[in-house]
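One structure below.
Where a number appears in this text, it was derived from the coordinates with a stated rule and is not lab data. In this text, all values refer to a predicted model and were calculated from it rather than measured experimentally. Here the Cβ positions follow ideal geometry from the backbone for every residue, glycine too, while neighbour counts run over all protein chains shown.
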Amino acid sequence: MASTELEKKPSQAIDPAEEPSVEWGWHGGFPKGTQIAGWFSVVAILLMLIGNHQGILSGGGHFKMEDLWLIGTAAVLAVGLFYDLAKNKRRR
């Protein structure tokens, strides 16, 4: 009896119904690409702090709400990138 391709698959095989990309031979992620794109985004967001945007006057001083949002967004993204990096190192 000739063996079929289905019989050769390991028991831990990924079901093509759940992950269609398995059928055409590739299944995975881009951990290095994710890190590079993420850090590029952090730098781009922080570079947006440089500019001629106006702040909201608060108590005689300049309070730049948009700066806080940019810094906060960059910080959250950086924390996520550090978490992803630590998770990938533990997995190895």
In Hz, Karplus ³J(HN,Hα) per residue of the range 83-89 (6.51, -1.76, 1.60; θ = phi - 60°; x = Gly, Pro): 4, 4, 5, 5, 5, 5, 6
Estimated distance in nm for a label pair at GLU66 and ASP15, the labels positioned 7 Å out from Cα along Cα-to-Cβ: 4.9 nm
Label-point gap, in nm, between VAL76 and GLN35 - each point 7 angstrom along Cα→Cβ: 2.4 nm
